[in-house]
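Participant: Please find one structure pasted underneath; my questions will follow.
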Amino acid sequence: MNYTLSADNTSITFDGTKLAAEDSPLFGKSLTLEAITHQTLRIHTKKLHVHDSYAIEKLPTAKGSFRIEEKDGFVFLYTEYLCIRVDNALFIDIYDADGKLLCADYTGSVPAPETMTPQERDQLAQEGHVVPEENRSYSYQVRKALSDGECIYGLGDKTGFLNKRGYDYMMWNSDLPHPHVENPTFKALYKSIPFFMVHCTEYSYGIFADNPHKSFFDMGYEDNAYYCFSATAGEMDYFFMSGTLPEIIASYTELTGRAPLPQLWTLGYHQSRWSYSTQDEVLSVAQHFRKNNIPCDAIHLDIDYMEDFKVFTNDNDRFPNLTVLSDRLNDMGIKLVTIIDPGVKVETGYPLYEEGIQKGYFAMTSDGDVYENKVWPGDSVFPDFTSEAVRQWWGDQITFQMKHQIRGIWNDMNEPASFNGPLPDDVVFPGDPDTASLTHSDVHNVYGHLMAKATYEGWKRLDSKRPFVITRACYSGSQKYSTAWTGDNQSLWSHLKMSIPQLLNLGMSGMPLIGTDIGGFGANTTPELLCRWIQASCFAPLFRNHSAKYTRRQEPWQFDETTLEIYRKYVDLRYRFIPYMYDLCYEETVTGLPLLRPLVLHYPKDPAVFECNDEYLVGDRVLVAPITDQGARSRAVYLPEGEWVDYWTGVRIEGGKYILREAPPDMCPMYILSGSIIPNYPAMQSIEPDNIDTLRLLVYPDSQGNVSPYRHYQDNGEDFQYEQGSYNLYEFHLDGEKNIAVKNLHTGYSPYKEIDIDWR
Ligand code: MIG
């Protein structure tokens with residue numbers, strides 16, 4: 001066969017001109033396989049060594065290598081863990097070291113696409129139905145066989161269930177006003193994270209199809225025998241990762257990066273609402289929290305604080321002094337976060353607009369004019385975040401937040417969303433003088449990602465604190481710069497239910513710091529829905545209640561005393577568990593594992609958890625089984641193998657079975673894996689790391705009295721001094737009977753005054 005092997009045996013290129021069939025997507029191309037590690041392969045048709053990824057800042061220098069063998073007309077490539085068989089039509093089958101087939105190119109038949117006459121299309125459209133797309137054209141399409149028992153996880157924020165198999169998705173960042181349901185008319189949401197994992201009891205593998213163009217992921221929808229991924233433009237370039245699910249997530253986040261440690265207070269409770277329209281209203285919201293004894297660390301200002309929706313401005317009538325507002329909130333332990341949209345208002349005299357025009361920082365029409373569309377400010381222009389200079393300039397605007405002591409930025413509308421139809425595909429993003437200009441179709445899916453990068457890097461230049469950014473649109477790798485929320489859900493039970501698999505799949509897609517709008521954004525919440533939502537979201541890393549203007553208000557005191565009490569109970573619970581969650585953040589920086597995990601991550605051999613949509617683990621030892629049905633007062637809970645302790649009653653239950661758990665309105669079933677230590681904080685109204693001098697350890701010995709050692713991380717929760725060693729790492733372990741000993745693995749920060757042990 002016709003191939004070239006690199007001198008160091010790390011990559012091999014096949015000449016497709018001679019090999020691939022004329023109807024093969026590889027026809028006339030070269031196919032390169034690189035051993036990124038012994039477990040991770042890169043498979044692409046780009047020119048050798050070209051690497052232009054938005055997700056991966058630096059490709060790890062290959063640590064794997066191939067041993068090559070030609071046999072029976074195939075080329076076999078061996079790494080330590082994998083065997084790749086390439087046939088003479090360039091179909092690739094990948095086996096593990098024991099010869100078990102993991103992933104095979106699908107070579108069977110494919111159904112012919114359904115055809116429709118123009119009249120049929122017209123009729124459908126007339127009755128208001130959505131007309132199916134005409135045949136798509138692809139720059140490549142990869143089709144891989146699916147076997148029985150395989151489930152598919154990942155793909156970012158897509159609607160539906162934990163297992164993506166049987167559904168069809170699109171990557172095209174979209175702001176959709178209609179309810180996000182599992183079989184959406186449009187198959188895309190706000191984020192494009194083209195990474196998924198295939199899993200069954202026998203093996204798992206992951207694929208990261210790194211291409212920001214509009215792309216499609218048919219996960220066995222067209223035919224249960226295969227899945228395929230394709231894109232409308234760009235070269236095929238995908239990574240294959242083998243190992244256990246946690247190992248695959250580690251490999252994926254090694255490539256695309258990990259979320260840095262957040263500021264501790266960002267794990268607290270956030271209150272938001274689109275409509276907080278005056279300083280007094282914001283102060284009154286803060287006072288309500290304090291009066292009602294509900295912990296709160298942040299209030300978010302939606303677009304209402306701006307002057308005519310101009311970004312990096314404030315309305316002088318309604319928000320005359322943001323600095324004073326910040327000060328007064330700070331006295332109550334509450335921080336301000338402001339929304340920022342990418343659209344810049346077209347207005348003579350508005351410095352941001354004028355400067356951007358003068359410097360050529362905005363996207364252009366194909367005719368060379370500045371491109372305008374409509375967003376909140378009316379006619380608006382769009383910064384070209386593909387340009388380093390523009391990102392720098394945008395980041396410099398954060399002096400506005402600095403000046404007013406605002407502590408975080410919430411990036412909205414960065415798909416980018418637009419009111420006057422979508423941006424045409426040929427809108428030009430000129431880039432920097434030394435880079436080629438790109439079009440909207442090239443950069444749409446990375447627009448929000450690059451805006452997040454600009455925000456993160458700008459914040460970091462201006463402030464010593466860890467930047468707190470929230471973004472709506474994402475691409476793979478956005479976790480390096482930003483947390484994310486799931487956009488405009490609605491106050492629907494179905495959306496509460498969906499929030500669990502959505503957060504779990506986002507977590508498995510490398511985004512650990514995420515949340516949904518608690519209570520639902522659009523439509524009107526009910527007290528019961530709100531209570532169940534705060535319970536289900538109690539451990540969501542981004543813990544924010546947010547709602548739309550003109551909907552029923554949903555701050556916790558808007559209803560009755562019972563609602564308030566239930567709400568308070570779960571916000572209190574959240575604050576107790578913050579040190580545990582912060583430990584998981586620390587762990588994530590090392591392993592890439594998310595805080596919220598589907599059961600399958602830790603019980604990969606138990607098919608009973610493969611499609612568990614309504615329970616999750618926090619780390620590996622806290623299991624939460626929220627109620628997500630209106631009127632439900634009990635539910636079936638699946639406890640995987642091991643002994644579990646009911647958090648509320650202390651009752652011990654042997655797992656590997658379903659149990660029925662009573663769940664009255666104030667009850668969110670929770671279980672702790674026996675043998676665990678869980679760190680807790682004392683009750684507090686907001687997080688002031690300097691004042692936290694007591695740590696409480698909940699200790700749950702197993703039936704033999706054993707307790708697994710636990711590592712706890714502590715630092716000032718605010719800046720980057722930990723990078724210079726200013727942190728403590730403790731190990732708590734059982735020492736003799738009923739005694740927990742503390743070992744200091746690293747000391748560099750003022751320790752707790754007291755560590756209480758609470759035997760359970
Ligand atoms: O077109 O800023 O998802 O959280 O409240 C709506 C107003 C624009 C969409 C965001 C939502 C926010 C809202 N924004």
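Participant: So for the pair ASP758, ASP98, with labels modelled 7 Å out along Cα→Cβ, what separation do we get in nm?
Facilitator: 4.3 nm
Participant: Nearest 20 debye, what's the magnitude of the dipole of the range 266-315 about its Cα centre given +1 on Lys and Arg Cβ and -1 on Asp and Glu Cβ? Spell out each step's value before the answer.
Facilitator: Details: 4 positive and 8 negative charges, 65 e Å.
Here the size comes out at about 320 debye.
Participant: Here's a follow-up. Which whole-number value in Å² is the accessible area per residue of the range 487-640, probe 1.4 Å? Intermediate values should be presented prior to the final figure.
Facilitator: On the way: 3790 Å² over 154 residues.
Value for the range 487-640: 25 Å² per residue.
Participant: Which of rounded, prolate, oblate describes the chain, given a ≥ b ≥ c as roots of the alpha-carbon gyration tensor eigenvalues and a/c under 1.5 marking rounded, otherwise prolate only if a/b is larger than b/c?
Facilitator: oblate
Participant: Taking square-rooted eigenvalues a ≥ b ≥ c of the alpha carbon gyration tensor, is the range 138-180 rounded, prolate or oblate, where a/c under 1.5 means rounded and, failing that, a/b exceeding b/c means prolate?
Facilitator: Details: a/c = 2.99, a/b = 1.35, b/c = 2.22.
Here the range 138-180 falls in the oblate category.
Participant: Keeping the other protein chains in place, figure out the carbon and sulfur percent of the accessible area of the range 131-227, with a 1.4 Å probe. It would help to have the intermediate numbers written out before the result.
Facilitator: Numbers: 1470 of 3140 Å².
Ligands and nucleic acids excluded, carbon and sulfur reach 47 percent.
Participant: Set the Förster radius R0 to 35 Å, insert the Cβ-Cβ distance between ALA636 and GLU731 as r into 1/(1 + (r/R0)^6), and round the FRET efficiency to 0.05.
Facilitator: Details: r = 37 Å, r/R0 = 1.06.
Efficiency at R0 = 35 Å is approximately 0.40.
Participant: Hey, if you put +1 on the Cβ of every Lys and Arg and -1 on every Asp and Glu Cβ in the chain, which of GLY128, TYR580, SER204 ends up farthest toward the positive end of that dipole?
Facilitator: Farthest along the dipole direction, towards plus: TYR580.
Participant: Under 24 Å Cα-Cα from LYS63, which lysines qualify once same-chain neighbours fewer than 8 residues away are excluded?
Facilitator: The qualifying lysines are LYS46, LYS47, LYS100, LYS480.
Participant: In square angstrom, what is the accessible area per residue of the range 183-268 with a 1.4 angstrom probe?
Facilitator: Details: 1930 Å² over 86 residues.
Accessible area per residue: 22 Å².
Participant: Using a simple spin-label model with points 7 Å from Cα along the Cα→Cβ vector, what separation in nm is obtained for LYS46 and ASP148?
Facilitator: Here the modelled spin labels are 4.1 nm apart.
Participant: Be a star and scan the range 292-333 for residues whose amide nitrogen sits under 16 Å from the point 7 Å along the Cα-to-Cβ vector of PHE419.
Facilitator: The answer is 303-311.
Participant: Can you work out the PRE-style zone for LYS465? Point 7 Å along Cα to Cβ, and I want the residues of the range 510-550 with backbone N under 15 Å.
Facilitator: From the range 510-550, the list is empty.
Participant: From Cα pairs below 8 angstrom and at least 6 apart in sequence, can you work out the relative contact order of the chain, rounded to a whole percent? Let's see the in-between values first.
Facilitator: Working: 1801 pairs, mean separation 79.6, N = 760.
It rounds to 10 percent for the chain.
Participant: Give me the aspartates and glutamates in straight-line cross-link reach of LYS743: C-alpha distance below 19 Å, same-chain residues under 8 apart excluded.
Facilitator: Straight-line reach from LYS743, under 19 Å: ASP583, GLU587, ASP693, ASP715, GLU731, ASP735, GLU754, ASP756, ASP758.
Participant: Calculated FRET efficiency, ASP396 and ASN744, Cβ-Cβ r, R0 35 Å, to nearest 0.05?
Facilitator: Numbers: r = 42 Å, r/R0 = 1.20.
E(calc), rounded to 0.05, equals 0.25.
Participant: Pairs to check: LYS58/LYS187; LYS29/LYS144; LYS191/LYS310; LYS335/LYS465; LYS191/LYS569; LYS191/LYS497. Give those whose C-alpha atoms are more than 23 Å from each other in this structure. All intermediate terms of the calculation are to be shown ahead of the outcome.
Facilitator: On the way: LYS58/LYS187 31 Å; LYS29/LYS144 19 Å; LYS191/LYS310 25 Å; LYS335/LYS465 14 Å; LYS191/LYS569 33 Å; LYS191/LYS497 20 Å.
Over 23 Å apart, Cα to Cα: LYS58/LYS187; LYS191/LYS310; LYS191/LYS569.
Participant: Now for a different question. From the helices alone, meaning DSSP H stretches of at least four residues, give me the mean residue ellipticity at 222 nm for the chain, per-run term -39500 (n - 2.57), in deg cm²/dmol to the nearest 500.
Facilitator: -6000 deg cm²/dmol
Participant: Residues with beta-carbon under 13 Å from that of ALA97, excluding ALA97: net charge, scoring Lys, Arg +1 and Asp, Glu -1? Please report the intermediate quantities before stating the final value.
Facilitator: Details: positive: ARG67, LYS100; negative: GLU80, ASP96, ASP98.
Result for the neighbourhood of ALA97: -1.
Participant: Right, another one. From the Cα gyration tensor of the range 303-392, with a ≥ b ≥ c the square roots of its eigenvalues, which class applies: rounded if a/c is under 1.5, or else prolate if a/b is larger than b/c, or else oblate? Intermediate results must be reported in sequence, preceding the final value.
Facilitator: Working: a/c = 2.84, a/b = 2.13, b/c = 1.34.
Prolate, because a/c is 1.5 or more and a/b exceeds b/c.
Participant: Give me the extension gain from ARG711 to ASN2: residue separation times 0.36 nm, minus the current Cα-Cα distance, reported in nm with one decimal.
Facilitator: Values: separation 709, 0.36 × 709 = 255.24 nm, distance 5.29 nm.
Once the chain is fully extended between ARG711 and ASN2, it gains 250.0 nm.
Participant: Pick out, from ALA145, ASN173, ASN183, the residue whose Cα sits farthest towards the positive end of the charge dipole of the range 145-209, with +1 on the Cβ of Lys and Arg and -1 on the Cβ of Asp and Glu.
Facilitator: Comparing the listed Cα positions along the dipole, ASN173 ranks first.
Participant: On to the next question. Rounded to the nearest 0.05, what FRET efficiency do LYS374 and GLU688 have when you use their Cβ-Cβ distance and R0 = 51 Å?
Facilitator: 0.70
Participant: If I model a spin label as a point 7 Å beyond the Cα along the Cα-Cβ vector, how far apart are those points for TYR658 and SER437 in nm?
Facilitator: Between TYR658 and SER437, the label points sit 6.1 nm apart.
The values are calculated or read from the model by the stated rules, or taken from the named source; none is laboratory data. For clarity, every value in this text was computed on a predicted model and none was experimentally measured. Positions of Cβ are backbone-derived with ideal geometry, glycine not excepted, and every protein chain shown enters the neighbour counts. Protein only, heavy atoms only, side chains kept; ligands, DNA and RNA dropped before computing areas. Shrake-Rupley method; radii C 1.70, N 1.55, O 1.52, S 1.80 Å.
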